[in-house]
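Below: one structure, written as structure tokens.
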Amino acid sequence: MQTQDRFMSPQWKARFKGYVQVTKPGIIFGNLISVAGGFLLAAKGDVNLVLMLASLVGLSLVVASGCAVNNCIDRDIDAKMQRTCKRVTVTGEIAVGNVLAFGLALGVLGFSILALFTNALALLFAVIGYIVYVGVYSLYMKRNSVYGTLVGSFSGAVPPVVGYCSVTGQMDMGAAILLLMFSLWQMPHSYAIAIFRFNDYAAANIPVLPVAEGMTKAKLHIVLYIAVFALVSALLPLAGYTGIAFMAVTCATSLWWLAMALKGYRHGIDMHRWARQVFGFSIITITALSVTMALDFQVVSQAPLLTLVK
């Protein structure tokens, strides 16, 4: 009874909530959708439920680990930003060492699941994505270079590729398209955040494009990246991986997103509101494409670019 009362205490609930928050559940959920999309696209209707569950759980734990470790690394700049100043790593509600240990434990568990149930290529992409996010982006590029967003976009594009390669064990054209497609999507998505969170990034002296080189250049890059993203996403149906439904969805969402981005050039527009709209629709776009490619797969034979069997 005493043990149960302790677990139900406000202090324990607050600590539990803190540990959940450092893993950034919203990011985990978004990545779950993209992993499932990549997996089901590659499975082509022949779904191994154990493999799919292992891919989803393993990659989710890896993402949670990266987010927790990122919280530890970013605690100094988080303290300067209104959006992040209440994080437990900033307030000291949970010791940084405990969060770091928690994050590393999640990573070990996640990588172990991927190693046991998937294959060498899926594991390799997960490892590379983790190293890029934690080691290259969080520790250096985010703080020191305007190209940090570009570097970070690679790690953000890894989840659907892990899902895809879990099934195929090979890096074929479909996996390459997914990697490029999701990397391109990350750029306008991230720049939109940087615009409506401009004051936070400026206060923390983070050299994201709108802060380092101005709003005009950031708006241009958003438009250009969306346009290229639209072209690359159309490669999936053109290469025979998906059908007409995916083509219809990608054309509709990408062109609407592009039209929304072009509104940023209107005279007197509210940049904060516009950036939020671009950000919000970016989530709708990538979710719609992930779901559609999972359902509108085509059974085709493709030559591998790289193969690593289990």
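The values are calculated or read from the model by the stated rules, or taken from the named source; none is laboratory data. What you are looking at is a predicted structure, and each value in this text was computed from that prediction instead of being measured. Methodologically, a virtual Cβ is constructed for each residue, glycine included, from the backbone with ideal geometry; neighbour enumeration extends over all protein chains shown. Ligands, DNA and RNA are stripped out before the accessible areas are found, and what is left, the full protein with its side chains, is counted by its heavy atoms. Shrake-Rupley method; radii C 1.70, N 1.55, O 1.52, S 1.80 Å.
From the phi of every residue in the stretch 229-238, what ³J(HN,Hα) in whole Hz does the Karplus formula 6.51 cos²θ - 1.76 cosθ + 1.60 yield, where θ is phi - 60° and glycine or proline is x?
Result, ordered by residue: 4, 4, 5, 5, 5, 6, 5, 4, x, 5 Hz.
Among 217-226, 240-249, 56-65, how do they line up by average Cβ neighbours within 10 Å per residue, starting with the highest? Intermediate results must be reported in sequence, preceding the final value.
Working: 217-226: 20.5, 240-249: 18.2, 56-65: 24.8.
For the peptides 217-226, 240-249, 56-65, the packing ranking is 56-65, 217-226, 240-249.
Provide the packing ranking of 88-95, 274-281, i.e. peptides ordered by the mean count of other C-beta atoms within 10 Å per residue, highest first. If you can, show how the numbers build up before the last one.
Working: 88-95: 16.6, 274-281: 19.5.
So the peptides 88-95, 274-281, ranked by packing, come out 274-281, 88-95.
Report the residues of the stretch 197-241 in range of a label on ARG273: point 7 Å along Cα→C-beta, backbone N strictly under 18 Å from it.
The answer is 197-198.
In nm, give the distance between the simple-model label positions of GLU93 and VAL136, each being 7 Å from the Cα along the Cα-to-Cβ direction.
3.4
Taking the solvent-accessible surface of protein heavy atoms with a 1.4 Å probe, what is the per residue accessible area of the stretch 226-294 in Å²?
Details: 3250 Å² over 69 residues.
Spelled out: the 1.4 Å probe surface of the stretch 226-294, per residue, equals 47 Å².
Relative to the Cα centre, what is the charge dipole magnitude of the stretch 155-272, using +1 at the beta carbon of each Lys and Arg, -1 at the beta carbon of each Asp and Glu, and rounding to the nearest 20 debye? Let's see the in-between values first.
Values: 5 positive and 4 negative charges, 53 e Å.
With Lys and Arg at +1 and Asp and Glu at -1, about 260 debye.
Using θ = phi - 60° and the Karplus curve 6.51 cos²θ - 1.76 cosθ + 1.60, what whole-Hz ³J(HN,Hα) does each residue of the stretch 66-77 get, with Gly and Pro shown as x?
x, 5, 5, 5, 4, 4, 5, 5, 8, 4, 6, 7
How do 256-264, 123-131 rank on mean C-beta neighbours within 10 Å, highest first? If you can, show how the numbers build up before the last one.
Working: 256-264: 17.7, 123-131: 20.1.
My ranking of the peptides, most packed first, is 123-131, 256-264.
For the charge dipole of the chain, defined by +1 on Lys and Arg C-beta atoms and -1 on Asp and Glu C-beta atoms about the Cα centroid, which residue among MET81, ALA157, THR216 has the Cα displaced farthest towards the positive pole?
MET81
Hey, what number do you get for the chain at 222 nm if only DSSP H runs of n ≥ 4 count, each worth -39500 (n - 2.57), divided across all residues, to the nearest 500?
-23500 deg cm²/dmol
Karplus couplings for the stretch 279-290 from phi (6.51 cos²θ - 1.76 cosθ + 1.60, θ = phi - 60°), rounded to Hz, Gly and Pro as x?
4, x, 6, 4, 5, 4, 4, 6, 5, 4, 6, 5
Using the crude model of +1 on Lys and Arg Cβ and -1 on Asp and Glu Cβ, and no other charge, please compute the dipole size for the chain relative to its Cα centre, in debye to 20.
Working: 21 positive and 11 negative charges, 157 e Å.
Here the chain has a charge dipole of around 760 debye.
With a 1.4 Å probe and all protein chains left in place, how much of the accessible area of the chain comes from carbon and sulfur atoms, in whole percent? Provide the component values of the computation, followed by the final result.
Working: 9660 of 14400 Å².
Carbon and sulfur together cover 67 percent of it.
Any chance you could run the full-extension gain for THR287 through CYS251? It's 0.36 nm times the residue separation minus the Cα-Cα distance, nm to one decimal.
Values: separation 36, 0.36 × 36 = 12.96 nm, distance 1.41 nm.
Going from the current span to full extension adds 11.5 nm.
Lys/Arg Cβ at +1, Asp/Glu Cβ at -1, dipole of the stretch 4-134 taken about the Cα centre: which of ILE131, LEU114, THR91 is farthest positive-ward?
So the residue we want is THR91.
What size of dipole, in debye to the nearest 20, comes out for the stretch 1-95 about its Cα centre when the only charges are +1 on Lys and Arg C-beta atoms and -1 on Asp and Glu C-beta atoms?
Values: 11 positive and 6 negative charges, 57 e Å.
Its charge dipole is roughly 280 debye.
Amide H of MET171 versus every other amide H placed in the peptide plane: which residues, excluding those fewer than 5 positions away on the same chain, fall under 5 Å?
LEU305, LEU306, THR307, LEU308
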